[in-house]
Amino acid sequence: MPELKRLHAGHAPTVLAFELANRAYFAASISDRGDEYFAQFADRYSALLAEQEAGICAFYVLVAEDGSVLGRFNLYDFDDGTADLGYRVAQRVAGRGVATATVRELCRLAATQYGVRTLRAAASRANVASRKVLTKAGFVEVGPADPTDLGGKPGSWYQRDLAREF
């Protein structure tokens, strides 16, 4: 059974392997991270851990029984009871409900561990799978997203009110 774990330094090799193995798959629906991301992975990873330590964000990985990373799930830009959600799952588990179940779990964690009352996520119109995940996980579309939030692609913001649920 996969387990959602808070990101730590020891996850770096498996997170990099996950990103590399799924790079082309991700680039089909969201903006590619670019070669620079991979060339500077260690520094970027350290910066993420520093942000998490500072309480600005909370990063999670969904880890398979064999230790491989199946997905990344991030809470970021904490601000007065609001946070943004980002996620990506490996191609090998896409379409199996993994993202939806984990986003639901992250909603619970956001409310109970971080005091988040409103969780937001942006999805491009072209990313049908992500829009379905958000809808199935209880998010509602609340308006257009700035294309700069989605790598230049048109899309929408989705929101879930956690205050009444947890």
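Does GLU51 count as among the acidic types (Asp, Glu) and closer than 25 Å to ASP32 by Cβ? Spelling it out, GLU51 is indeed among the acidic types (Asp, Glu) and closer than 25 Å to ASP32 by Cβ.
Of all residues in the stretch 105-130, those satisfying the criterion of being surrounded by fewer than 22 Cβ atoms within 10 Å (Cβ to Cβ), at negative phi and not in a helix (DSSP H, G or I) are ARG117, THR118, ARG120, ALA122, SER124, ARG125, ALA126, ASN127. Within the option set TYR158, TYR60, being under 14 Å from LEU4 (Cβ atoms), touching a strand residue (DSSP E or B) at 6+ places or on another chain (Cβ under 6 Å) and in a strand (DSSP E or B) holds for one residue only, TYR60. Being surrounded by 13 or more Cβ atoms within 10 Å (Cβ to Cβ) and hydroxyl-bearing (Ser, Thr, Tyr) is the filter; apply it to the stretch 146-166 and report the residue that is nearest to LEU134 (Cα to Cα). For the stretch 146-166, the residue satisfying everything is TYR158. Within the stretch 1-43, the set of residues being surrounded by fewer than 16 Cβ atoms within 10 Å (Cβ to Cβ), among the aliphatic types (A, V, I, L, M) and outside any helix (DSSP H, G or I) comprises MET1, ALA28. In this structure, is ASN74 touching a Cys at 6+ places or on another chain (Cβ under 7 Å), within 25 Å of ALA129 (Cβ to Cβ), modelled with pLDDT of 95 or more and surrounded by 15 or more Cβ atoms within 10 Å (Cβ to Cβ)? Taking the combined requirement at face value, the residue satisfies it.
For SER68, the test of being more than 16 Å from ASN22 (Cβ to Cβ) and polar (S, T, N, Q) is failed.
Taking the stretch 95-104 as the range and being of a type in the set (A, V, I, L, M, F, W, C) and either more than 15 Å from the chain's Cα centre (by Cα) or surrounded by fewer than 17 Cβ atoms within 10 Å (Cβ to Cβ) (or both) as the test, only ALA101 passes. Selection over the stretch 131-155 of residues that are part of a loop (DSSP other than H, G, I, E, B), under 14 Å from the mean Cα position of the chain (by Cα) and within 19 Å of ALA27 (Cα to Cα) gives a count of 0. Only one of the listed residues (ALA42, ALA121, ALA54) is aliphatic (A, V, I, L, M) and within 15 Å of the chain's Cα centre (by Cα). That residue is ALA121. Considered as a group, the residues in the stretch 79-94 that are under 14 Å from the mean Cα position of the chain (by Cα) and part of a strand (DSSP E or B) include one that is surrounded by the fewest Cβ atoms within 10 Å (Cβ to Cβ), and that residue is GLY86. I'm checking my understanding of the structure. Among residues of the stretch 48-68 that are of a type in the set (A, V, I, L, M) and farther than 19 Å from TYR87 by Cβ, which one is surrounded by the most Cβ atoms within 10 Å (Cβ to Cβ)? Once the filter is applied, the top-ranked residue is ALA50. Among the conditions (1) at pLDDT 95 or above; (2) touching a helix residue (DSSP H, G or I) at 6+ places or on another chain (Cβ under 8 Å); (3) on the phi < 0 side of the Ramachandran plot; (4) not aliphatic (A, V, I, L, M), the only one that GLY67 does not satisfy is (3).
The values are calculated or read from the model by the stated rules, or taken from the named source; none is laboratory data. The structure displayed is predicted, hence computed values, not measured ones. Note that we place each Cβ from the backbone using ideal geometry, even for glycine, and neighbour counts take in every protein chain shown.
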